[in-house]
Amino acid sequence: MTEPFTWRDGERAIAFGRGRVAEADDLLGDGFLLLTTERAQATAPAVAGLAAQVIHVGRGQVDALAGELLEGLARPRDGRIVALGGGRVIDVAKAVASAWDAEEPGWSERVAAVPTTLSAAQMTHGHRQAPGRSGPFVRPTTVLDDPALSASQPAADLAASALNALGHAFEAPMTVNANPVSTLAAVEAARLIAGAWGGAEPDAGDRDALALGALLSGYALDASQFGLHHVVAQTLARYAGVSHGQANAIVLPYTTHALARRSPRAMERLSAGLGEDPAGVAGTLAERTGATHLRDVGVSEAQLEECAARAAERPQLALTPPPADRSELLALYRAAW
């Protein structure tokens, strides 16, 4: 089991460890606005019990969901916003806080996250803005990461979520913003995530390793930002209706090869840390999800052209130079299809 720790990193405090949800009262306070889902709330009823108001976040795109919430949500007079859930829920909380901060500065510092997946959204500034709203990009200032929650998904879903985090770890050392600290964190994250899948299904110790690996992967990606891989996966989620975890799981074996061509030395370092080929690790783990091709999750061949066109518009491609063009992106999608 991974030893619990509290990490103070600038303006934020990160409490990690199995059983730390029992400290929710001390770490989160009470009387807050809770954004969550039914599944997430069921995993941590004690957190919900501390809230003054509980809002369930539905399925959909983060920007649209945040916009809908802002239309009818009263801003609390005090307290904070707590996100209990996966990446969608946490990113919606960030977007809501960003919009409120533009009107009343300080809300960007009042977001806490209790993750229930391996998305690592709790560690990043990355999120979409609500339509017509603009404010600072928000990173939670309090993170309560209990592996009993953050690594709680069933095995197939957990594998897809792990590949999302593995995508962070693979891409972070490849961007033009990579630095020695973020790269060290990324390599360790990849080692922890890959090493947790030796058995038929991860046990508690493996799930602790997955949770820590995801946390480190988010730290690395937040420091270095993202490029080709995340553009490819996010575009599928937005325009082809693929879940974020599945999109990452399916394309990572292919985008890893594309990243290796751009940054062979960084990929060699990642390979050394893993002790095996990163693309092979991604492919083996993808088999655990039950879907290894885009056609397996309902993407039609006709949708690949639109996804390639949409992805080619993303400026983040420049962070993994040379920027992938529409032709290369379409070839990646076809290979994954």
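In debye to the nearest 20, how big a dipole does segment 237-329 give about its Cα centre with +1 on each Lys and Arg Cβ and -1 on each Asp and Glu Cβ?
280
On a 0 to 90° scale, report how tilted helix 87-103 is relative to the longest principal axis of the chain, with both axes built from alpha carbons and the result rounded to the nearest 10.
60
Multiplying the sequence separation of residue 287 and residue 56 by 0.36 nm and subtracting their Cα-Cα distance, what value in nm do you get?
80.0 nm
With a cut-off of at most 13 other beta carbons within 10 Å, and DSSP calling the residue loop, which trypsin sites (Lys or Arg not before Pro) in segment 1-96 qualify? Please list them.
59, 77
Looking at 100, 327, 311, which one has the Cα that reaches farthest to the positive end of the dipole of the chain (charges on Cβ: Lys, Arg +1; Asp, Glu -1)?
Sorting the options by dipole projection puts first 327.
Length gain on complete extension for the stretch residue 201 to residue 179, per 0.36 nm per residue less the alpha carbon to alpha carbon distance?
That works out to 4.5 nm of additional length.
Assuming R0 = 22 Å, can you tell me the calculated FRET efficiency for the pair residue 77 and residue 25, based on Cβ-Cβ distance, to the nearest 0.05?
For residue 77 and residue 25, the calculated efficiency is 0.60.
For the chain, take the longest principal axis of its alpha carbons; what is the angle in degrees between that and the long axis of helix 62-72, to the nearest 10 within 0 to 90?
That works out to roughly 20 degrees.
Quick one: pull the percentage of alpha-carbon pairs in segment 183-265 with a separation above 17 Å.
Across segment 183-265, Cα pairs with separations above 17 Å total 58 percent.
Explain nothing, just the number: dipole magnitude of the chain about its Cα centre with +1 on each Lys and Arg Cβ and -1 on each Asp and Glu Cβ, in debye rounded to the nearest 20.
540
Compute the length gained on full extension between residue 302 and residue 38: take 0.36 nm times their separation in residues and subtract their Cα-Cα distance, giving the result in nm to one decimal.
Extra length available between residue 302 and residue 38 comes to 91.6 nm.
Return the calculated 222 nm mean residue ellipticity for the chain, to the nearest 500 deg cm²/dmol, obtained by summing -39500 (n - 2.57) across DSSP H runs with n ≥ 4 and dividing by the residue count.
Helix contribution divided over all residues of the chain: -16000 deg cm²/dmol.
Could you tell me what percent of the accessible area of segment 89-240 is made up of carbon and sulfur, with a 1.4 Å probe and every protein chain present?
The C+S portion of the solvent-accessible surface of segment 89-240 is 52 percent.
In the chain, how does Rg compare with the Kirkwood Rh, expressed as the Rg/Rh ratio over alpha carbon atoms?
Dividing the radius of gyration by the Kirkwood radius yields 0.95.
At 1.4 Å probe radius, can you tell me the per residue accessible area of the chain in Å²?
Averaged over the residues of the chain, the accessible area is 40 Å².
Identify the GluC sites (Glu not before Pro) of segment 223-299 meeting these criteria: DSSP loop state and at most 14 other C-beta atoms within 10 Å of the C-beta.
Here the GluC sites (Glu not before Pro) that fit, given the DSSP loop and packing criteria, are 276.
Mind checking the angle between helix 155-171 and the chain's longest principal axis? C-alpha axes, 0 to 90 degrees, to the nearest 10.
Between helix and principal axis, roughly 70 degrees.
The values are calculated or read from the model by the stated rules, or taken from the named source; none is laboratory data. For clarity, every value in this text was computed on a predicted model and none was experimentally measured. Cβ atoms come from the backbone with ideal geometry, glycine included; neighbour counts cover every protein chain shown. Areas reflect the complete protein model, heavy atoms only, side chains present, ligands, DNA and RNA absent. Shrake-Rupley method; radii C 1.70, N 1.55, O 1.52, S 1.80 Å.
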